[in-house]
Structures are given as C-alpha cells and as structure tokens.
Amino acid sequence: MVAFSACNANHDANKDTAGGLDTLKYSTTIDGKSVRLYTLKNKNGASVSITNYGGRVVSLLVPDQHNKLTDVVLGYDSVGAYRKKGEPFFGAIIGRYGNRIAKGKFALDGKTYELQVNDGTNTLHGGFEGFFSKVWAAKQIDGQQLELSYTSNDGEAGYPGKLDVKVLYTLTEDNALKIDYTAVTDQATIVNLTNHAYFNLSGEGHSTILDHELMIDADAFTPVDSTLIPTGVFQPVANTPFDFRKAKTIKKDIEAKNQQLIYGKGYDHNFVLNAHEATQPVAEVKSPVSGIKMQVYTTEPGLQFYCGNFLTGKDTDGKGNKSYALRSAFCLETQHFPDAPNHANFPTTVLKPGAVYTSSTTYKFLNK
C-alpha cells in the first residue's frame, strides 16, 4: 500500500510568491520519501516551480509583451491531484520509455520483454509505473538549478537492467528552461526520456491554443495506425496538414479530412526533425494574445506534437480551480521515435553497460 501523509507547516509561510502556489499542498511523504516544491528564479523575475514527485514542472512564469509574468504551463494545485488515476502526465519526466511501444513488447539480444499495457493494447510513457509516478531525490544546486535523480531497478515495469537517471533543470538568465538528461545501466535496456509539459503561451487556463502559430523544422513525420503506433514509414509533410515548415496557426489544417488526424483526434504525431543539434530551434510557437514566443532546441531526432485532444474541461483541479478544455494546451515532446525498439529503421534507443545516455532540450521564451 502506498503511504501518503501531509506535512505540517504554517500555511502563509508556505506560499510560493513566484507562482502564487501554496507549497504546503506540495509538501508530503510518499512511500517514506519526502516530496516538496522547488522554485528557480532568474534576474528577470521569471521562475519555474518543480515538484520531485514525477519531476513535474508545476508552474513556469515568463514575461509577456508587456513584461507581465504569465504562467505558460498547465498543472494542479496539489500533489494529490497529480496522483489520481487518468491524469494526463502534466509536466512530468517521462520514462523509462516515452511515447508508445506496440503491444507492450520488444526484443533485445534475443530475449522478448513484456511491459505494462496501459494504453489500449500498447504501453504508453513507461507503463503504470512510469517515472511520472516516482519520487525523485532532489538537490537544489543554486537558485537556478535543480538536479533530480532516480534509480529504476531491474525489472521495474518490465524493463531490463538497473538504470540510474539524473535530470538537471536550469532556468537561464535569458528566460530559457534547459533540461539535461543522463542515464547509465548495468545491462542492455531501452531508454527514451522526455518532459510532458503542456503549454499555453496565452496563459494556462486560456481557452485555446488553436490561434498559436507553430513552426516545426521537419520534412517528414511518422504516420500511425489506429492505435497510434508508427507504421515504420517516413512520410513527407509536403502537401499534407503536417507541413509546419513555415509557421501557420495550429487551427489552419486541424479539421482537414485526413486519416492521420482522425486517428489522433487531431495532431498527436512524431515529427522527424531536420536538425539534430541544439544550435538552432527545431520548433517555434507564438501566442497572438500574450506575444510570447517559445523556441525549442534539442539534441533529439524526434518531436511529438500533441495538441490536447484528450483534455475535456471536466477536470476542475487545475491551478486556481481552473478546468482545462479540449485543445487548451499543446505539448512538444523531444524524443526518440515511438516504438523504435520494434522498427530497425528508426534511431536506436538501446543503452548498453559502459555507455552514457545523454539528451538535452531547451525551451526559450521571448517577448519582443
């Protein structure tokens, strides 16, 4: 049975003045491990608040076109809300394998491994025991860096090998949230780590992201079957609703008569990025309401663009008792490709002893 007990503290003393969050609601003990909220701030007043439960980004405040701080990520008002069944992975570190694995199975070195099936017939975001549900050891290095670490034991959720993971969050002086991942293993395994932040650059709780302009530097995407598993094909985006090489509103083609959009109930697809170095943005998004532009830089080969197709507005546990409606947020999850262990033509996600998994992603925010 999971142990869960609230810590006692003075209510007013636990207010996070950066994000208006009540830190008392994030202070607890789960399975004997301490959970709390950590806040990083820079000289501009920008801030990010992160809980070590699932490594979740709870709040991210950046200046808008009028230099007013705006919270651009969806999240909950308490740790308890993040633990309820069916929550949509708000702001979480995703692992051991981000995205889907077909039928919860893969073969490695001649052995077949069976994972937890938690998405129809498939495994999604690591299974029921994914990294989003773990208490991470936290070390706040300084006012702008937080290091989280977790050891995933051999056999956890069906994955082979003991995996030691570290995730470093850095809030830079130029209003960027940088996320660096490293991992090592004691036997061959598969690894695909990402963050599942839900963004609305008009401000979390705003009704839509369909008016946002999006650019993705990708000439191809990986089409899926009806269960959202890639077919293995690289399909050119040219002359399809998936062509974001020039910025356009998310709304522009989302209702097009296209089988891929029907399968995903909108955009929920992996894009094959043209740039694999973190020196130029692989994606840019801008809100016409706030004037905030977000640039995405990554070392990863893929980018999952998801536009909140399964948000319903029925959940009222959002920050400030907000409800998050259909398509009121988008995700840009930097990653290796979904179901890569079952597709030899996809970039490999195998990690072997002696090697170090590294991945870096930066979300940079501009207001001019």
* strands (runs of 3 or more DSSP E) wholly inside segment 205-314 containing at least 1 residues that are touching an Asp or Glu at 6+ places or on another chain (Cβ under 6 Å) -> 213-216, 283-286, 293-298, 302-306
* Structure fact -> Filtering segment 347-368 down to residues that are farther than 23 Å from residue 296 by Cα and assigned to a strand (DSSP E or B) yields 350, 351
* Structure fact -> Selection over segment 77-106 where residues are buried (at least 24 other Cβ atoms within 10 Å of the Cβ) and either over 30 Å from residue 189 (Cβ atoms) or small (Gly, Ala, Ser) (or both) yields a count of 4
* To do: Tell me, please, whether a residue that is closer than 22 Å to residue 224 by Cβ and out of contact with any strand residue (DSSP E or B) (no Cβ under 8 Å at 6 or more places or on another chain) can be found in segment 100-123.
  => yes
* Asked: Can you pull out the residues in segment 209-257 that are over 20 Å from the mean Cα position of the chain (by Cα) and small (Gly, Ala, Ser)?
  -> 220, 226, 232, 238, 247, 256
* Asked: Is there any pair with a first residue in segment 290-315 that is over 21 Å from residue 243 (Cα atoms) and touching a residue at least 24 places away in the same chain (Cβ under 8 Å) and a second that is surrounded by fewer than 19 Cβ atoms within 10 Å (Cβ to Cβ) and among the hydrophobic types (A, V, I, L, M, F, W, C) whose Cβ atoms are under 6 Å apart and which are 6 or more apart or on different chains, and what are they?
  -> 299/278; 311/326
* To do: Can you work out which of the residues in segment 107-123 that are part of a strand (DSSP E or B) and of a type in the set (A, V, I, L, M) is surrounded by the fewest Cβ atoms within 10 Å (Cβ to Cβ)?
  => 107
* **segment 315-324, subset at negative phi and outside any loop (DSSP other than H, G, I, E, B), residue modelled with the highest pLDDT** => 319
* To do: Go through (1) touching a Ser or Thr at 6+ places or on another chain (Cβ under 8 Å); (2) free of Cβ contacts under 8 Å to residues at least 60 places away in the same chain; (3) assigned to a strand (DSSP E or B) and name the single condition residue 103 misses.
  => (3)
* Asked: Restricting attention to segment 89-131, which residues are touching an Asp or Glu at 6+ places or on another chain (Cβ under 9 Å) and either at pLDDT below 95 or among the hydrophobic types (A, V, I, L, M, F, W, C) (or both)?
  -> 94, 101, 102, 106, 129
* Structure fact -> Residues in segment 131-161 that are of a type outside the set (Asp, Glu), outside any strand (DSSP E or B) and either in contact with a helix residue (DSSP H, G or I) (Cβ under 7 Å, 6 or more places away or on another chain) or surrounded by fewer than 17 Cβ atoms within 10 Å (Cβ to Cβ) (or both) total 3
* Filter result for residue 96 (in contact with a Gly (Cβ under 6 Å, 6 or more places away or on another chain), of a type in the set (Lys, Arg) and touching a residue at least 12 places away in the same chain (Cβ under 8 Å)) -> yes
* To do: Enumerate the strands (runs of 3 or more DSSP E) found wholly within segment 22-73, keeping only those where 2 or more residues are touching a residue at least 40 places away in the same chain (Cβ under 8 Å) and within 19 Å of residue 289 (Cα to Cα).
  => 56-63, 69-71
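Every residue, every condition in (1) surrounded by 24 or more Cβ atoms within 10 Å (Cβ to Cβ); (2) closer than 20 Å to residue 168 by Cα; (3) hydroxyl-bearing (Ser, Thr, Tyr); (4) modelled with pLDDT of 95 or more, yes or no:
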position: 41; (1), (2), (3), (4): no, yes, no, yes
position: 49; (1), (2), (3), (4): yes, yes, yes, yes
position: 54; (1), (2), (3), (4): yes, yes, no, yes
position: 57; (1), (2), (3), (4): yes, yes, no, yes
position: 62; (1), (2), (3), (4): yes, yes, no, yes
* **Single condition residue 343 does not satisfy, out of (1) under 26 Å from residue 234 (Cβ atoms); (2) touching a Leu at 6+ places or on another chain (Cβ under 6 Å)** => (2)
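Residue-by-condition table, conditions (1) out of contact with any helix residue (DSSP H, G or I) (no Cβ under 6 Å at 6 or more places or on another chain); (2) within 19 Å of residue 70 (Cα to Cα); (3) crowded, with 18+ Cβ neighbours inside 10 Å:
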| position | (1), (2), (3) |
| --- | --- |
| 304 | yes, no, yes |
| 308 | yes, no, yes |
| 311 | yes, no, yes |
| 320 | yes, yes, no |
| 323 | yes, yes, no |
| 329 | yes, yes, yes |
| 334 | yes, no, yes |
| 339 | no, no, yes |
| 363 | yes, yes, yes |
* Answer yes if at least one residue in segment 17-37 is of a type in the set (Val, Ile, Thr), closer than 26 Å to residue 312 by Cβ and at pLDDT 95 or above, and no otherwise. => no
* **Subset of segment 325-346 (residues that are assigned to a strand (DSSP E or B) and among the hydroxyl-bearing types (Ser, Thr, Tyr))** => 334
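The values are calculated or read from the model by the stated rules, or taken from the named source; none is laboratory data. Because the structure is predicted, anything quoted here is derived from the model rather than measured. Methodologically, a virtual Cβ is constructed for each residue, glycine included, from the backbone with ideal geometry; neighbour enumeration extends over all protein chains shown.
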